[in-house]
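As structure tokens, the structure follows; a few thoughts come after it.
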Amino acid sequence: MRPRLWNGKGSRMRKVIFLIALVALVSAAVAEGPLFSRNRQREMSVKVDSVMWRSDVTRVYCRLFGLPHTSQRVDAVTLDIHDASVAATDIDPLYFKRSFQWEDDGVIEIELDFAPVKPVDTFTMTFATPYGDVAATYTGK
């Protein structure tokens, strides 16, 4: 005699398998949200290390921090001093509007060149990215 596991429309085994499949599907959808969010992969922060105030250029040395093995892009950087805003003219070793990838440590040291500006104690830099603006404040001389 065969077991009656699959007989009939409302068999108990079909209901159990359907319920297990439904729970697996819902839990996969829930895990997809916060763990693999595109926003989390696009996070970036900036720390200004030092500034060189020269008569021909203002050069800012800083570090970008991000999630290793993800990509990012910097479209523009502005230096905000008091009520003035100065756009960056060069960024090394990256390129404006070109994607780059974070390496194993998630840190990239960069140099930013701006038009000459008189030395100040405090300023803010704003990095424009496709995923939102990132600001860094520098205090110190």
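Kindly provide the set of residues from the range 115-127 that are part of a strand (DSSP E or B) and open to solvent by 30 Å² or more (accessible area, probe 1.4 Å), ordered by number. Before the answer, list the steps.
We begin by selecting, within the range 115-127, every residue part of a strand (DSSP E or B); these are 122-127.
Answer for the range 115-127, where residues must be part of a strand (DSSP E or B) and open to solvent by 30 Å² or more (accessible area, probe 1.4 Å): 122, 124, 126.
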Subset tally (residues that are part of a strand (DSSP E or B), open to solvent by less than 20 Å² (accessible area, probe 1.4 Å) and touching a residue at least 40 places away in the same chain (Cβ under 8 Å)) for the range 67-96
4
Collect the residues in the range 54-66 that are open to solvent by 40 Å² or more (accessible area, probe 1.4 Å) and part of a loop (DSSP other than H, G, I, E, B), keeping them in residue-number order.
54, 55, 56
Taking the range 99-114, which residues are within 16 Å of residue 69 (Cα to Cα) and either of a type in the set (A, V, I, L, M, F, W, C) or outside any strand (DSSP E or B) (or both)?
100, 102, 103, 104, 105, 106, 107, 108
Examine the range 21-28 for a residue that is open to solvent by less than 90 Å² (accessible area, probe 1.4 Å), within 30 Å of residue 121 (Cα to Cα) and either out of contact with any Phe, Trp or Tyr (no Cβ under 7 Å at 6 or more places or on another chain) or modelled with pLDDT under 95 (or both), and state whether such a residue exists.
no
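Out of all the residues in the range 33-44, is one or more loosely packed, with under 11 Cβ neighbours inside 10 Å and at pLDDT 95 or above? It would help to see each step written out before you state the result.
As a first pass, look at the range 33-44 and keep what is loosely packed, with under 11 Cβ neighbours inside 10 Å: 33-36, 38-39.
Imposing the further condition that a residue be at pLDDT 95 or above reduces the set to none.
Within the range 33-44, none of the residues are loosely packed, with under 11 Cβ neighbours inside 10 Å and at pLDDT 95 or above.
The values are calculated or read from the model by the stated rules, or taken from the named source; none is laboratory data. Just so it is clear, the structure is predicted and the values come from calculations on it, not from any experiment. Note that we place each Cβ from the backbone using ideal geometry, even for glycine, and neighbour counts take in every protein chain shown. What goes into the accessible areas is simple: the full protein's heavy atoms, side chains included, and nothing from ligands, DNA or RNA. Shrake-Rupley method; radii C 1.70, N 1.55, O 1.52, S 1.80 Å.
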